[in-house]
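Worksheet: one structure, shown below.
The values are calculated or read from the model by the stated rules, or taken from the named source; none is laboratory data. In this text the structure is predicted, and so the values were computed from the model without any measurement. Glycine also receives a Cβ, built like all others from the backbone with ideal geometry; neighbour counts cover every protein chain displayed.
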Ligand SMILES: [Zn+2]
């Protein structure tokens with residue numbers, strides 16, 4: 001009985017030890033990888049742009065007359081509608097090229113996946129807001145729309161409870177479907193949040209293969225050459241396309257700009273190492 005127990009337990013114990021070792025190795029690998037940024041041979045974040053909602057209350061030429069002050073071949077990466085299971089693959093692609101993005105999250109998802117929200121923040125990305133449940137805000141009345149906005153912001157902040165303050169969410173908001181009203185725009189402004197539209201996108205809400213999406217996106221990129229790019233991290237086709245797209249940016253002289261809230265400690269913390277790195 002004892003012997004049998006031992007022979008039965010041994011493989012279990014072995015797999016537990018192996019499992020623990022694997023977790024440690026993965027953790028060490030991830031740490032080493034993150035510590036390697038900025039790293040030669042990667043795209044790298046070229047600069048950090050502090051965005052003050054007072055100066056830039058509404059940006060993105062698809063919806064507004066103004067956009068961010070970007071130079072030729074400078075791109076701001078933004079991802080909407082997460083967190084989702086595919087966010088992991090998106091984070092890996094960004095980490096592999098040492099670039100930072102902004103995630104406009106849906107509160108309901110953030111509430112359901114707080115660990116993923118924490119991970120996005122811990123990996124240095126900016127977290128913006130995209131309402132609680134992604135409704136058409138212009139069609140539900142001001143009071144309901146206001147609740148959608150505020151509940152979403154609260155959910156994203158709640159998901160980050162307990163993390164250092166410099167990794168809190170940003171006062172950046174994007175309307176679902178870019179559908180706003182003058183009253184809601186004023187409401188966001190009164191909260192001292194910046195409203196983000198976009199300058200171009202991959203139309204990744206349409207089903208298509210990663211290859212077709214990459215081709216479409218590169219065509220648009222080459223036409224516009226700079227701006228705020230809208231992608232969706234819950235879309236598997238986008239997660240699959242992203243490594244090749246980032247490689248294209250690197251090989252064609254494009255630069256990724258990371259946006260952070262003006263005056264935040266995030267801006268100070270993130271700007272210094274990048275300046276020292278000389279990227
Ligand atoms: Zn959306």
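What tally of residues in segment 45-59 results from selecting those that are closer than 19 Å to residue 101 by Cβ and either in a strand (DSSP E or B) or within 17 Å of the chain's Cα centre (by Cα) (or both)?
Number satisfying all stated conditions: 8.
Quick check on residue 164: is it more than 14 Å from the ligand (Cβ to nearest atom), free of Cβ contacts under 8 Å to residues at least 40 places away in the same chain and within 26 Å of residue 117 (Cα to Cα)?
Working: more than 14 Å from the ligand (Cβ to nearest atom): yes; free of Cβ contacts under 8 Å to residues at least 40 places away in the same chain: yes; within 26 Å of residue 117 (Cα to Cα): yes.
Judged against the criteria, residue 164 is a match.
Does segment 165-177 include one or more residues that are farther than 26 Å from residue 45 by Cβ and surrounded by fewer than 23 Cβ atoms within 10 Å (Cβ to Cβ)?
Checked against the condition, which is being farther than 26 Å from residue 45 by Cβ and surrounded by fewer than 23 Cβ atoms within 10 Å (Cβ to Cβ), segment 165-177 yields at least one hit.
Got at least one residue in segment 103-114 being over 29 Å from residue 223 (Cα atoms), touching a helix residue (DSSP H, G or I) at 6+ places or on another chain (Cβ under 6 Å) and away from the ligand (no atom under 16 Å from the Cβ)?
Within segment 103-114 (the criterion being over 29 Å from residue 223 (Cα atoms), touching a helix residue (DSSP H, G or I) at 6+ places or on another chain (Cβ under 6 Å) and away from the ligand (no atom under 16 Å from the Cβ)), the answer is yes, since at least one residue qualifies.
Taking the conditions exactly as written (in the same structural domain as residue 82 (by TED's automatic domain parsing) and assigned to a strand (DSSP E or B)), does residue 246 satisfy them or not?
On the way: in the same structural domain as residue 82 (by TED's automatic domain parsing): yes; assigned to a strand (DSSP E or B): no.
Here the answer is no, as residue 246 does not meet what is asked.
Which of the residues that make up segment 101-124 are surrounded by 24 or more Cβ atoms within 10 Å (Cβ to Cβ) and part of a loop (DSSP other than H, G, I, E, B)?
Selection gives 101, 106.
Look at residue 87 and say whether it is within 16 Å of the ligand (Cβ to nearest atom), modelled with pLDDT of 95 or more and crowded, with 22+ Cβ neighbours inside 10 Å. Give the derivation first.
Values: within 16 Å of the ligand (Cβ to nearest atom): yes; modelled with pLDDT of 95 or more: yes; crowded, with 22+ Cβ neighbours inside 10 Å: yes.
The answer is yes for residue 87.
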